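Engineer: This structure is in C-alpha cells; I'll ask about it shortly.
What follows draws every value from the coordinates through simple rules; no lab data is involved. Source: prediction; values computed, not measured. Neighbour counts run over all protein chains shown; Cβ positions are idealised from the backbone, glycine included.
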Amino acid sequence: MTPSVAPATGRLGVLTVGLGAVSSTLIAGVELVKKGLGQPIGSLTQMDTIRLGKRTDGRTPLIKEFVPLADLNDVVFGAWDPFPDDAYVAASRAGVLEGGKHIEQISDALRDVRPMKAAFDRQYVKRIDADNTVGTIDKRAMLNAIREDINRFREEKQCDRLVMLWAASTEIFIEPGPAHQDIESFEAAIDRNDPTIAPSMLYAYAAILEGVPFANGAPNLTVDIPVLRDLAVERRVPISGKDFKTGQTLIKTVIGPMLRARMLGLSGWYSTNILGNRDGEVLDDPDNFKTKEESKLGVLEDILDPNSFPELYGDVYHKVRINYYPPRGDNKEGWDNIDIFGWLGYPMQLKIDFLCRDSILAAPLALDLVLFSDLAQRAGLGGIQEWLSFYYKAPMVAPGLSPEHDLFVQLAKLKNTLRWMMGEDQITHLGREYYDGE
Ligand SMILES: NC(=O)c1ccc[n+]([C@@H]2O[C@H](COP(=O)([O-])OP(=O)(O)OC[C@H]3O[C@@H](n4cnc5c(N)ncnc54)[C@H](O)[C@@H]3O)[C@@H](O)[C@H]2O)c1
C-alpha cells in the first residue's frame, strides 16, 4: 500500500541536543545555503536526483522535487547544551568554518540560537564540565524539563512540526537491561534514578511522547531499546540511529562489501584515528570510547559473514583506535591498514589515509536525517526507519534482523522507499525489458 504523504506546509523546528561542532556546522551551513552563500555539498535531499521508471524514460527529478520535503527557508533551529555559548560562539570555538568567509556572514542568525538548559549528568560524559543545565540530575525532573522546552519552543517559534536530533557527546557504554523492556519498568526506573537510564533516553522518550521524530547521531543506546521502539510504533513517531557514518566507517562499508563481492580474503584491518575536537576529548575516556568502539567494530562482522565463509573471514584481526590529538582540531586523520589475500592465499595490502573534516562530513547527514524524518512522519511511518541506515554506522533494525551495512544497498533501499512512498515502481536492476524484444 502506498502511503499518502501530507504536504510540508508551515514551519519545521529542528531541535538539536548538543550545540557543538556538528550542530553549529549544520546550522551555519543551512543559513549560508539559504542566503546563496554556500552549496549543500554532501546532502542527497538538496543535490541528488532519483531515477523513475525505465532507463530509457529520461525521468530523473531532484529528490527534493520528487518528495515533499520541508524547504530550508521554513526550517528554524533550537538546541540544548550545558555550555551557554550561542551558535555563533559555538561555531567560532569549534574551528570548523572560517570566520570571515562564513561565520560573520550569518552572525545574526547564529546569535539567535541560544542553548536551552541541558538535561545533563556528568556521570555519563565525564570530560564535560559546564553549568547551563536544568540544575538537577533527578531523572523525572529532567524528563519534565525537556518536555516543557519542546512545547515552549514549538509555541514561541510557531512551528507546525518538530524533529529532534541527538548531536551531543557520546555517553558511556550502557547495555540493554531490565529497565528498558517495557513502559512500567522504564517509568519505575526513572522514578528511582536508575543509572541505566541515560539523559539521551530521557530526550528520546520526551520526543516520542510529544510526537517528535528522533534521530540519533551518536552511538549511545538511547532510542534503541525495546520500550522506546515499541512506543514509537504505537505513537507513530519515526525513530532512527545510531552514529553518523561519516569517515572511516563510510570507507569500511564500501571496501568491505567489495572484498566480500569478489570473494577476497581478509586477515587483518587496523583502523586508527587522530582528532582534536571536543568529541575526541570525550572519547578519550575509556567508558565513552567503549560505546564508539562497539559501533565501529560491528560493521565488518556483519558484512563479511565469517560463519558462511570461514576460510576467507574466519580469522580476522580487527582493531579500532581513536587518539585525542589536540593540534588537529576537527580535521581528523583516519588511517586504515588492510591485509587481504587472493587466489591460492597470496597476501596483498590496502592503505587508506583519509584526511577528512569530521563536521563537514556530518552536517549534510544531519540535514538529510532531519528532513527525511519529518517526511517519514508526514507519510505516517512510525518506529524504526530502516531506510535511513544509509546515514548510520550501527543501523537500528527490528529485533532478530541483521543490519544492512553495504553503502550502495543502503542507498538503493533509501531510494526505493522514496519511490514506494510516491507510488512509483521499484527499481530491481533486473533489466530484462531492454532485451526481451530482440
Ligand atoms: N562529526 C562526525 O563525523 C561524527 C560522526 C559520528 C558521530 N558523531 C557524534 O556526534 C556527536 C556530536 O559530535 P560533535 O563533534 O558535534 O561533538 P561536540 O563535543 O563538539 O558537541 C557535543 C555537544 O554536546 C553537548 N552535550 C553533552 N551532553 C549533553 C546533554 N546531555 N544535553 C545537551 N547537550 C549535551 C556538549 O556540551 C557538546 O557541546 C558526538 O557524539 C559524536 O561522537 C560525530
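Engineer: Per-residue ellipticity at 222 nm for the chain, helices alone: DSSP H runs ≥ 4 residues times -39500 (n - 2.57), over residue total, nearest 500 deg cm²/dmol?
Structural biologist: -11000 deg cm²/dmol
Engineer: Based on the mean of other Cβ atoms within 10 Å per residue, sort peptides 79-92, 22-35, 116-129 so the most packed one is first.
Structural biologist: 22-35, 79-92, 116-129
Engineer: Here is a follow-up. Computed over the Cα atoms of the range 135-257, what is the ratio Rg over Rh, Rh following Kirkwood?
Structural biologist: Looking at the range 135-257, the ratio lands at 1.00.
Engineer: Need one number: % antiparallel among DSSP beta bridges in the chain, to the nearest 5.
Structural biologist: 40
Engineer: May I pose another question? Could you state the number of Å between the C-alpha centres of the range 226-245 and the range 95-110?
Structural biologist: If you average the Cα positions of each part, the centres end up 34 Å apart.
Engineer: If each of GLU156 and VAL397 carries a label point 7 Å out from its Cα toward its Cβ, how far apart are those two points in nm?
Structural biologist: In this crude spin-label approximation the distance works out to 4.2 nm.
Engineer: What are the semi-axes of the equivalent ellipsoid for the range 29-82, taken as the square roots of 5 times the Cα gyration tensor eigenvalues, largest first, in whole Å?
Structural biologist: Whole-Å semi-axes of the equivalent ellipsoid: 29, 12, 10.
Engineer: Could I ask something else about it? What does the convex hull of the Cα atoms of the chain come to per residue, in Å³, rounded to a whole number?
Structural biologist: Each residue corresponds to 156 Å³ of Cα convex hull volume.
Engineer: So if we plug the beta-carbon distance of GLU281 and ALA141 into 1/(1 + (r/R0)^6) with R0 = 35 Å, what FRET efficiency do we get, rounded to 0.05?
Structural biologist: 0.80
Engineer: Quick one: check the C-alpha center-to-center distance for the range 360-438 versus the range 146-173, whole angstrom.
Structural biologist: Between the Cα centre of the range 360-438 and that of the range 146-173, the gap is 25 Å.
Engineer: Hey, what's the per residue convex hull volume over the C-alpha atoms of the range 301-438, in cubic angstrom? Intermediate values should be presented prior to the final figure.
Structural biologist: Numbers: hull volume 29.0 nm³, N = 138.
Residue-normalised Cα hull volume stands at 210 Å³.
Engineer: In addition: Residue separation times 0.36 nm, minus the C-alpha to C-alpha distance between ASP425 and THR49: what's the value?
Structural biologist: The span from ASP425 to THR49 would gain 133.8 nm if fully extended.
Engineer: Moving on. Treat each spin label as a single point 7 Å out from the Cα along the C-beta direction, and report the PHE341 to ARG432 distance in nm.
Structural biologist: About 4.1 nm, to one decimal.
Engineer: So for the range 249-355: antiparallel DSSP bridges make up what percent, rounded to the nearest 5?
Structural biologist: 70
Engineer: Now, a different point. Using 0.36 nm per residue of separation minus the Cα-Cα distance, give me the extension gain between ASP305 and LEU37 in nm, one decimal. It would help to have the intermediate numbers written out before the result.
Structural biologist: Working: separation 268, 0.36 × 268 = 96.48 nm, distance 4.58 nm.
Stretched fully, the ASP305-LEU37 segment lengthens by 91.9 nm.
Engineer: Between GLN123 and TYR317, what is the label-point separation in nm under the 7 Å Cα-to-beta-carbon projection?
Structural biologist: 3.9
Engineer: Continuing with the same structure: For the range 249-355, compute Rg over Rh where Rg is the Cα radius of gyration and Rh is the Kirkwood radius from the inverse mean 1/r over Cα pairs.
Structural biologist: With Rh from the inverse mean 1/r over Cα pairs, Rg/Rh is 1.02.
Engineer: What is the packing order of peptides 142-152, 200-210, 421-431, taking the mean over residues of other C-beta atoms within 10 Å and listing the highest first?
Structural biologist: Most protected by this proxy first, the peptides run 200-210, 142-152, 421-431.
Engineer: Sort the following peptides by mean Cβ neighbour count (other Cβ atoms within 10 Å, averaged over residues), highest first: 66-77, 237-248.
Structural biologist: Per-residue mean Cβ counts within 10 Å order the peptides as 237-248, 66-77.
Engineer: For a label point 7 angstrom out from the Cα of ARG59 toward its Cβ, which stretches of the range 397-438 have the backbone nitrogen within less than 20 Å?
Structural biologist: It comes to 412-435, nothing else.
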